[in-house]
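Below you'll find the structure, written out as structure tokens, and then a few comments.
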Amino acid sequence: MNRFDLRAVLILASLFSIVFTTTISRNSKADTSSKAAVSGFDLTNLDKSCKPCEDFFQYASGGWIANNPIPAAFPRWGNFQKLAEKNVEVLRQILEEKSKEKGLKKGTNEQKISDLYCSCMDTEKIEADTVNPLLPELKEIDAIKDKEGLQTQIAKLHTYGIAVVFRTGGSQDLKDVTKYIAFVDQSGIGLPDRDYYFNSDEKSKKIRDEYTKHVAKMFELLGDKAESAEIAAKTVMSIESKLAEGSMTRTERRNPDARYNKMSLAKLQELAPNVSWNAYFATIGLKSVDGVNVVDPNFFKTVNKLVEEVSLSDWKTYLKWHLVNAAAPSLSSKFVDQDFYFKETVIKGTKENLPRWRRCVAATDRMLGEALGQFYVERSFTPEAKTRALEMVKNLRQALRVSINNLDWMSEPTRKEALAKLDLLVNKIGYPDKWRDYSALEIDRSSYFRNLIRGANFSFKENLAKIGKPVDKSEWFMSPPTVNAYYSATMSEIVFPAGILQPPFFNPAADDAVNYGGIGAVIGHELTHGFDDQGRKFDFQGNLKDWWTPEDEKNYKERADCVEKQFSNFVVDGDLHINGKLVLGESI
């Protein structure tokens, strides 16, 4: 996965690896002296009634698909999801054991993961609390008297991880990746993407209608009468539509050059004078700002206009919506059920919610991933597995080196830079060398919602504290149990958590051919992200820098255009085609 877009699943890799289902595990009692037992290749995954030369996908995966219908609690199903569920069972076992231990020392990782999980599982208290956990924040929103108070409340919600109107934080300077700088970026909408507000097809219209009903229903759950709730929903839709209209499309955001607009705080103040930027940054805890990357300057022209034009009453309605929208999964079942209905059933087609324990395990992993992940690694990932995975990465890097050397369209100056980038790419396997420090985060069993707020605030402060400091190259952006992988252009690294280095993708006891067909496809996929339409724009140090000769860039773009057109011709459903430009990084 390319960390720029944070796409959820490595679709291409799963296409290669879906046929591989291991027949043993580390603790299996199978006879490992038998070559068949350790091959890792399961012939039942094949559909032998189909000729491979006529439909290879059906031949290779038909048996697996027939034997693995999509469960009602999932919008899609594949080996990524199956492995994730196995990992979740391991995490559940850890959390259940820790939650039953007596006398856990306050402040330890064991105490924090145990108390967070238990506060989430305490449905009796959560049901009794109903909307009460939100009352302090709702009262503060109601108390807003002027635009200054509005901006203060926006800043406060940002410190809770609720990105109303826009979002902010610290990130690497794309042109000096040794340092972190502040950024401000588009945000503030409740639908998954800005295009949902404008697409004219019937499904999009229906989603917008359902969204308006959903927002109204949430306001009713907060205590509003039906008529006022409908008015509130229309207000939210109006503000969000204007924010969406001023936002870049996902396709436009694929261009890293377009996302780099570093300017002084004074220039930002000129760009959006209706926002008191000094006061905003002071409120979120950033006392000095030496340059800001304004990811989308045009969006902040929209923000500037809306701050002046939208009434305080309407802004209060908008802020209340985003507060309850963010908090809904942590509130009583009425909020949870309504939240699930829209976000999972309407948007994704999921038929039923995951069991409570499953959601609580996921919440603990999201907030305390490296605390929980340490126990996962102890149980699920051996030093021997790490050594073998590193050897595979080494071999695949060498294969890519051969490929680059054999490109007949690339000149020697560009090839030299490409090979330097490949050689200096950092490998991260399994888990961090330095674990994240959660000592400043307070977790107890009194309130699940308050735990989530404290967790979000902890992460927000941790992120802001990086600004102006050297980049920590040891940092990870996925927890160890995660079934995924990623390439980071600015870190110049490929990362493979222990969670994906498990059967069926990777099994130290299995045949090499199966491991290269499984995790090898994922490793190769991540390596090539360094040279996809976005990754190729970053040099061997991770800086956004043009290192291509004009002729080589022309040759690259011609080939990329061919891939884009190929994928744009693929039909997803009916007359819906893939957006070839949007998926270019994955398809390359």
With all protein chains present and a 1.4 Å probe, the order of LYS305, LYS217 from largest accessible area down is LYS305, LYS217
Probe 1.4 Å, all chains present, heavy atoms only: ILE467 accessible area in Å², nearest 10, is 40
Within the chain, the percent of DSSP beta bridges that are antiparallel, given to the nearest 5, stands at 65
Averaging 1/r across every pair of distinct alpha carbons in region 107-182 and inverting yields a Kirkwood hydrodynamic radius, in angstrom, of 16.1
With every protein chain kept in place and a 1.4 Å probe, region 405-525 has an accessible area per residue in Å² of 38
Rounded to the nearest 10 Å², the 1.4 Å probe accessible area of ARG167 is 90
Per residue, the convex hull enclosing the alpha carbons of region 226-314 has a volume in Å³ of 121
With every protein chain kept in place and a 1.4 Å probe, region 66-170 has an accessible area per residue in Å² of 48
With all protein chains in place and a 1.4 Å probe, ASP142 shows an accessible area in Å² (nearest 10) of 80
Share of accessible surface on carbon and sulfur in region 111-189, whole %, 1.4 Å probe and ligands ignored, is 53
Taking only protein heavy atoms and a 1.4 Å probe, the highest-to-lowest accessible-area order of THR249, THR350, THR130 is THR130, THR249, THR350
Once amide hydrogens are built 1.01 Å from N within the peptide plane, the residues lying 5 or more places from TYR486 or on another chain with amide H under 5 Å from its amide H are VAL495
Per-residue accessible area, 1.4 Å probe, largest first, puts CYS53, CYS360, CYS562 in the order CYS53, CYS562, CYS360
The lysines whose Cα lies under 22 Å from the Cα of LYS469, excluding any fewer than 8 residues away in the same chain, are LYS175, LYS179, LYS262, LYS287, LYS434, LYS461, LYS545
Of 530-541, 500-511, ordering from highest average Cβ density within 10 Å down gives 500-511, 530-541
Inverse of <1/r> over all distinct C-alpha pairs of region 507-554, i.e. the Kirkwood Rh in Å, gives 12.8
The chain -> Rg/Rh from Cα coords, Kirkwood Rh, value 0.96
Calculated from DSSP helices alone, with each H run of at least 4 adding -39500 (n - 2.57) and the total divided by the residues of the chain, [θ]222 nm to the nearest 500 comes to -15500 deg cm²/dmol
Distance in nm between MET263 and LYS51 label points, each 7 Å along Cα→Cβ, equals 6.3
Taking protein heavy atoms only, a 1.4 Å probe, and rounding to whole percent, the accessible area of region 204-328 owed to carbon and sulfur comes out at 46
In terms of the charge dipole of region 385-461, which places +1 on Lys and Arg and -1 on Asp and Glu at the beta carbon, the residue among SER446, ALA399, ASN457 farthest towards the positive end is SER446
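The values are calculated or read from the model by the stated rules, or taken from the named source; none is laboratory data. Note that the coordinates shown come from a computational prediction; the quantities given were computed from them, not determined experimentally. With ideal geometry, Cβ positions are generated from the backbone for all residues, glycine too; neighbour counts draw on all protein chains shown. These area figures cover heavy atoms from the full protein model, side chains too; ligands, DNA and RNA do not enter into them. Shrake-Rupley method; radii C 1.70, N 1.55, O 1.52, S 1.80 Å.
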